[in-house]
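So the structure is just underneath, and the comments pick up after that.
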Amino acid sequence: MDLTGKHVVVTGGSQGIGAALATEFADRGARVLVAARSEEKLREVAAPIVGDHLVADLSGAADVDTFVDRCLDVLGHIDVFVNNAGIETSTSFATTDRDQLRTLARLNFEGTVLLTRDVLDHMLERGSGHIVQMSSVAGAIPFPGLAAYAGTKAGITNFTETLRLELKRTDIGLTVVSPGPTDTEMWDRLETDERPFVGVGLQRFKRLGFLPKLSAEQIASATVDAVERSKRFVRLPRRYDGYHMLSNAPRRLVEGALLGTRFPKDWEK
């Protein structure tokens, strides 16, 4: 996809990977709309790229249910939609507050699924589009202290790969981005957290040299490359490729078994 003049939406676009994505898309000629809860931070991201912004709390049903329509009111149409908004946990699952779990599940999984559903209607009607799902290496590798977070990311990966089969004979592209540790505020919180589960695991993996830290800009550049080239996955760092391949093997077997199968395009009725 040539991104010149294309309309791109990035959720969770006020900082970290989301802000880097907004800048990278804009640098390649796209018109970008960023969304998050903090208007002040959104303005700081949108101003240098001459972009648009919307304040939205995507952990709540009201903002999720109206979000795509609000984006369309601003942009007119959407070519690329990036589901990047998300939060993490850093305690054992048994001690994590129920309300925090509910918020995490709604934002990381439910919100992503529903926003994908809403923007898919628009893209199918137009006959083209690309959806980027921000997953994580935690969706393929278990990590103590991130049980709920890892569960939502694994769910998003499997959801998207199943959706890919349903959309096989359309011009809707899907990219799953699964980065490892990234130099953002989210990772800073995990590294400085004094509670036992995350800290113990981090210390062990660091001694083994298993946690190379990426920059948000690296993730953004690889993701935008993937959109331009219609790539299915972004997996960084490369040393985790084996884990992703093992995790994805059953899905690839199913995909092979369904080779040549034509599913009805029931959305055209």
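We did not get these values from a lab; they are worked out from the coordinates using the rules stated. Since the structure is predicted, the reported quantities are computational estimates derived from the model, not experimental observations.
Miscellaneous remarks
- Couplings for region 47-62, taken from phi via the Karplus curve 6.51 cos²θ - 1.76 cosθ + 1.60 with θ = phi - 60°, read 4, x, 9, 6, x, 9, 8, 9, 7, 7, 9, 7, 8, x, 4, 4 Hz in order; Gly and Pro are left as x.
- Across region 101-117, coupling constants 3J(HN,Hα) worked out from phi with the 6.51/-1.76/1.60 Karplus curve, θ = phi - 60°, read 5, 5, 4, 4, 5, 5, 6, 6, 10, 4, x, 4, 5, 5, 5, 4, 4 Hz, and Gly and Pro carry x.
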